[in-house]
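Q: Mind looking over this structure? Questions follow.
Read-outs: derived from the displayed coordinates by stated rules, not from any lab. What you see is a predicted model; the values in this text were computed from it and never measured. Virtual Cβ from ideal backbone geometry, glycine too; neighbours counted across all protein chains shown.
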Amino acid sequence: MDGTRLTGLWKNKTRDGKTYLSGKVGLARLLVLPNDFKKADKDPDYYAYVVPSEKKNGGPSPAPKDALEEAGL
């Protein structure tokens, strides 16, 4: 394959049982979430988010729900 591997992704579950993928890209975390708001075939099936690995106060990285809220979804 003529491509560059970006990262590996792992399946995870949200607190409400929805599946999402996550992995690390450099110092950031990549989240791939299903588009639960899809209304037409032209809408994307998934959204990808890059979020900090840790918050500035050293706490855990945002949950997928937080990433969706930050993106206005």
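Q: Obtain the nm distance between the two label points defined at Arg5 and Lys39 by a simple spin-label model: each point lies 7 Å from its Cα along the Cα-to-C-beta direction.
A: Placing both labels 7 Å beyond Cα along the Cβ direction yields 4.1 nm.
Q: Follow-up. Highest first, please rank the peptides 37-43, 3-9 by the mean number of other Cβ atoms sitting within 10 Å of their residues.
A: Values: 37-43: 7.7, 3-9: 9.3.
So the peptides 37-43, 3-9, ranked by packing, come out 3-9, 37-43.
Q: Here are some pairs, Lys18/Lys39; Lys11/Lys42; Lys11/Lys38; which of them have Cα atoms lying more than 23 Å apart in this structure? If you can, show how the numbers build up before the last one.
A: Numbers: Lys18/Lys39 19 Å; Lys11/Lys42 25 Å; Lys11/Lys38 21 Å.
Cα-Cα > 23 Å for Lys11/Lys42; rest within.
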